[in-house]
1. On average, how much accessible surface per residue is there in the chain, in Å², for a 1.4 Å probe, leaving out ligands, DNA and RNA?
2. Using 0.36 nm per residue, how much length does the chain from Lys194 to Arg143 gain when fully extended, once their Cα-Cα distance is taken away?
3. Of (i) 18.2, 56; (ii) 16.0, 46; (iii) 21.8, 73, which is the value of Rg and Dmax of the Cα atoms in Å derived from the coordinates here?
4. In whole percent, and with a 1.4 Å probe on the protein chains, what portion of the accessible area of the chain is carbon and sulfur?
5. Tell me, in nm to one decimal, what length is gained between Thr100 and Arg70 on full extension, where the rule is 0.36 nm per residue of separation less the Cα-Cα distance?
6. Which of the aspartates and glutamates could a cross-linker span from Lys184 if the Cα-Cα distance has to be under 12 Å and same-chain partners fewer than 8 positions apart are dropped?
7. In whole angstrom, how far apart do the alpha carbon centroids of the range 74-117 and the range 1-25 sit?
8. Tell me whether the range 1-83 comes out rounded, prolate or oblate; compute the Cα gyration tensor, take square roots of the eigenvalues as a ≥ b ≥ c, and use a/c under 1.5 as the rounded threshold.
Amino acid sequence: MRVSIIIPVLNEEKSIGAVIDAIPKNMVNEIVVVDNGSSDQSALIARSKGAKVVHELRRGYGRACLTALRTLSHPDVVVFLNGDLSDFPEELPQLIAPITQGEADFVVGSRILGNWEKGSIPSQVLWRNRLACLLINAFFKKRYTDVGPFRAIRYPVLETLKMRDHSYAWHVEMQLKVAKKNAKVLEVPVRYRKRVGESKLSGSFRGRLSASLQTFWAILRFLP
């Protein structure tokens, strides 16, 4: 299968090189790094590591992902990955195995089922994820334990979702829409560690509040 990886970045020059280096290149056809308006050398470093770099100056995680999707080279599977080295890219094989083996259409890397470094998931993020999963599971009878950023999905399924969220609620929108379609969903345990640098999302009260509002607004919008 042709596998494309999308990595949105915003001032991740200290980590993006290590992220790309850790990706098992024999399993990937292309790595697309989306520079979401960085003021540092993130794009230059990513390009030097062999990634295709596209630019989306309008801020927003979902907006960056949507821009990247328009540049992909006919993949079978799309993987989304953080650019801050909080995920473990070397775990890509177990993330996409259920898809390549025909067992799943969508795989979420669950930090809850795996191991996360102490302090890598702030308490407010943990509780927000738990509540989001509880609501999704209650309405759609799924068994999500996490709204993790490291995920893989069949490209034909992703196309049918008609994703549109421009914010960090992109993850929730995807999981809700996949559940609505009754696609085959699996979670696999993944590791998670403290990110390199300060989070743009959970590093401030305003960021945490914004992410929470975006998440629950997405749930309300897409619930039946």
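1. On the way: 10210 Å² over 224 residues.
I get 46 Å² per residue for this part.
2. Details: separation 51, 0.36 × 51 = 18.36 nm, distance 2.59 nm.
Fully extending the segment from Lys194 to Arg143 adds 15.8 nm.
3. Of the labelled values, this structure produces (ii).
4. Working: 5550 of 10210 Å².
Taking all protein chains in place, the chain shows 54 percent carbon and sulfur surface.
5. Values: separation 30, 0.36 × 30 = 10.80 nm, distance 2.30 nm.
Result: 8.5 nm gained on full extension.
6. In chain and number order, the partners are Glu103, Asp105.
7. If we compute the Cα centre of each part, the gap is 13 Å.
8. oblate
The values are calculated or read from the model by the stated rules, or taken from the named source; none is laboratory data. What you are looking at is a predicted structure, and each value in this text was computed from that prediction instead of being measured. Glycine also receives a Cβ, built like all others from the backbone with ideal geometry; neighbour counts cover every protein chain displayed. Accessible surface is based on the protein model in full, side chains and every heavy atom, while ligands, DNA and RNA are left aside. Shrake-Rupley method; radii C 1.70, N 1.55, O 1.52, S 1.80 Å.
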